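For reference, the structure is listed below as structure tokens.
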Amino acid sequence: MHVLNASGCLDALTAPDTVAQLDAFVTKTVTPEPREGNAPVRIAETDFGMLNAIGLANPGRERFLTDVLPRLRELGLPIWVSVGGFSGRDYAETCEQLDRDDVAAIELNLSCPNVDEAPEGAAEILAACREVSQKRLYAKLSPHSWELGETVRAVEAAGADGLSLVNTLRGVALDAHLTPTLARGAGGYSGPALKPVALAAVRAARAATRLPIVGMGGVQSGRDALEMIACGATHVALGTVLFSDPFAPQRVRDELVTEAKSVGFESPDDAFCVAFDTVVKMEN
Ligand SMILES: Cc1cc2nc3c(=O)[nH]c(=O)nc-3n(C[C@H](O)[C@H](O)[C@H](O)COP(=O)(O)O)c2cc1C
């Protein structure tokens, strides 16, 4: 079981101590052109989680490849590049360029709630990227779908090597005058309130596939990570918690071992898929 950061929740170049606790670093989503992102206000605190409407602010593919990626490589751990775009072609072109690089995996962000989505479906985008890339391709999906199992089977058939579940849920916060706090109106809702939604998504996806799954959404503690594993996650990623606790990755790892023991498992991996009525034996 690997511990990763969730895309967009950690600036590796300014937080090397946090990066050192991870098994792999996942970049902020990279788009073909540079993006300023949405106008402020882009972040809002709510009672049970955080809303963001950053809008994929990033330096764009060219600067990422020539300037950012070489510096990330110096960190000495596997790099997963999160790729975004506004058409299947956008995604495929970035994947093609990354194919010559030594990145460990590509996470296709097929689910950002803060930008207008590509008109193609997740499976079509996956297929376009598969055609040009030999890298491990992870499909990052939205928790909004009621038919997640179907999407999972479709992206697997299109060549996905793994899944990242979940991205944020769409949410709105209102200020004292009942005006949306975020300039864009709605944003992505993350943090503790997302955990039950994420567990349901991981569990539904696991029922549909044997692919590796990076579980994320409200993971703050070793107990949360253990629940992800019980629902079928093979790896866990930490997002919002990193804004308040830069030592969360090591803490979660330590707690995970203790929590597993406290419910009778020799190792956290032994809890894999135990949250199913009928335990299907799967290779971890
Ligand atoms: C400030 C912020 C920026 C994010 N940026 C991205 C992004 O660029 N690409 C992406 O795939 N997900 C992005 N996410 C979503 C996270 O990667 C993650 O899927 C989500 O926050 C759920 O995990 P959490 O509850 O642990 O934060 C962002 C989340 C936050 C809070």
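Below, the figures for the structure above:
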| read-out | value |
| --- | --- |
| Contour excess over end-to-end distance, with Cα ends at residue 261 and residue 66 and 0.36 nm allotted per residue | 65.6 nm |
| Cα gyration tensor shape for segment 1-150, rounded if a/c is under 1.5, else prolate or oblate | rounded |
| Estimated FRET transfer efficiency (residue 274, residue 144; beta-carbon r; R0 41 Å; 0.05) | 0.95 |
| Förster radius 35 Å - calculated FRET efficiency between residue 73 and residue 39, Cβ distance, rounded to 0.05 | 0.60 |
| Selected from 1, 182, 69, residue furthest toward positive end of dipole (the chain; charges at beta carbon) | 182 |
| Listed residues 94, 234, 181, most fluctuating in the chain (Gaussian network, C-alpha, under 10 Å) | 181 |
| Dimensions (Å) - segment 187-249, Cα atoms, principal axes, largest first | 34, 26, 16 |
| Rounded Å value of the spacing that divides the Cα centres of segment 117-161 and segment 204-272 | 23 Å |
| The chain - Kirkwood radius from inverse mean 1/r over Cα pairs (Å) | 18.9 Å |
| Calculated over segment 125-284: convex hull of Cα atoms, volume per residue (Å³) | 150 Å³ |
| Nearest-0.05 FRET efficiency for residue 48 and residue 153, computed from C-beta distance (R0 30 Å) | 0.40 |
| In segment 125-202, GluC sites (Glu not before Pro) in a DSSP loop with at most 15 other beta-carbon atoms within 10 Å | 147 |
| Under the span-like rule (Cα at least 18 Å along the axis, Kyte-Doolittle mean at least -1.0), DSSP H helices of the chain | 195-208, 248-262 |
| Over segment 119-161: Kirkwood hydrodynamic radius from C-alpha pairwise inverse distances, Å | 10.6 Å |
| Residues of segment 66-96 with amide N under 14 Å of a point placed 7 Å along Cα→Cβ from residue 134 | 96 |
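Rule-based calculations on the coordinates, nothing more; no lab input. Here the structure is a predicted model, which means the values were calculated and not measured. Heads up, the Cβs are rebuilt from the backbone with ideal geometry, glycines too, and the neighbour counts pull from every protein chain shown.
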